[in-house]
1. Taking Ile143, is it farther than 21 Å from Asp213 by Cα, out of contact with any Lys or Arg (no Cβ under 8 Å at 6 or more places or on another chain), at pLDDT 95 or above and part of a helix (DSSP H, G or I)?
2. Just to be sure before I move on: is Lys144 closer than 28 Å to Ser47 by Cα and of a type in the set (Lys, Arg) in the structure I sent?
3. Is there any pair linking a residue in the stretch 126-141 that is among the small types (Gly, Ala, Ser) to one that is surrounded by fewer than 21 Cβ atoms within 10 Å (Cβ to Cβ), with Cβ under 6 Å and at least six apart or on different chains, and which?
4. Determine whether Pro139 is surrounded by fewer than 21 Cβ atoms within 10 Å (Cβ to Cβ) and either of a type outside the set (A, V, I, L, M, F, W, C) or under 27 Å from Glu175 (Cα atoms) (or both).
5. Looking for something closer than 18 Å to Gly142 by Cβ, surrounded by 13 or more Cβ atoms within 10 Å (Cβ to Cβ), of a type in the set (S, T, N, Q) and touching a Leu at 6+ places or on another chain (Cβ under 9 Å) - is there at least one such residue anywhere in the stretch 184-198?
6. Identify, from the list Leu177, Leu169, Leu162, the residue that is more than 16 Å from Gln221 (Cα to Cα), hydrophobic (A, V, I, L, M, F, W, C), assigned to a loop (DSSP other than H, G, I, E, B) and at pLDDT 95 or above.
7. Quick one: in the stretch 190-206, which of the residues that are under 16 Å from the mean Cα position of the chain (by Cα) and not in a helix (DSSP H, G or I) is modelled with the highest pLDDT?
8. Mind listing whichever residues of the stretch 91-108 are surrounded by 15 or more Cβ atoms within 10 Å (Cβ to Cβ) and either within 13 Å of Lys131 (Cα to Cα) or in contact (Cβ under 8 Å) with a residue 24 or more places away in the chain (or both)?
Amino acid sequence: MKFGEPKMDTISEKEKIDNAFSNIQELRAGIDVWQNNFHEFDVYTHSENCVKQLSNLTSDKNMLAAAWLHDIGKPVVAAEKTDKVGNPQEKEPGKPYHEFTDHEIVGEEMVRKMNPDIFNSLGLDQEKVAKLVGCHYIPTKGIKKLRTTTNFEQFINSFDDLNNTLSNLEVTKEEVLTIFLADKLAQGNGCTDQEELFLIRETLLKENQTNDDLRKIYEMQKQMYGNKE
């Protein structure tokens, strides 16, 4: 290239991943599939937003791919939500909310069965991406259990269970907690528990958690949910 010539535009690694995954049929099946009142967006737009949130936290290619694919199982398992008397729960008329039982398990297998060429062409580890998809919901399940504990001893036991689970995965605790955080922030205005989530993530990533660390979370949840001694 001669001096003074304009540089050729280059496509970033993130853009390559966006181009590869944003239009695949299994993801686009999430368009107009609505989740619950804690999610501002449909499943597809939520996944787009998850990628944006994650890109502020890491540039890891496998993580970015997992962010695109983390909810790929939701359209497959989607079941419309109803109230106790069978009336549909809706975002607005004609836009029913859904439940997504085992979406992460289904999603992991879907990623594992995808054409490997798409991953190889981008230098991605398909198996690792699949495992990240399968693990991304573990922190949410664990935090829901923490919220239901009614005394500090129960809370400590539940926290230890979650910490041990995250410490014994085939992907790192930090990776799982990072995609989890991006997933939660991608809820948009529906994510009203950011302070709690940041504190739990920070505490889980500490090498040694003290009772004072855990007490801070416990007292915050006591104020938020009011079901603790």
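1. No.
2. Judged against the criteria, Lys144 is a match.
3. Qualifying pairs under 6 Å: Ala130/Arg112.
4. no
5. So far as the stretch 184-198 goes, no, none of its residues is closer than 18 Å to Gly142 by Cβ, surrounded by 13 or more Cβ atoms within 10 Å (Cβ to Cβ), of a type in the set (S, T, N, Q) and touching a Leu at 6+ places or on another chain (Cβ under 9 Å).
6. Leu169
7. The residue in question is Asp193.
8. If the condition is that a residue be surrounded by 15 or more Cβ atoms within 10 Å (Cβ to Cβ) and either within 13 Å of Lys131 (Cα to Cα) or in contact (Cβ under 8 Å) with a residue 24 or more places away in the chain (or both), then Lys91, Pro96, Tyr97, His98, Phe100, His103, Glu104, Val106, Gly107, Glu108 are the ones that fit.
The values are calculated or read from the model by the stated rules, or taken from the named source; none is laboratory data. Keep in mind that this is a model prediction, so the values were computed, not measured. Quick reminder, even Gly has a Cβ in these numbers, built from the backbone with ideal geometry, and neighbours come from all protein chains shown.
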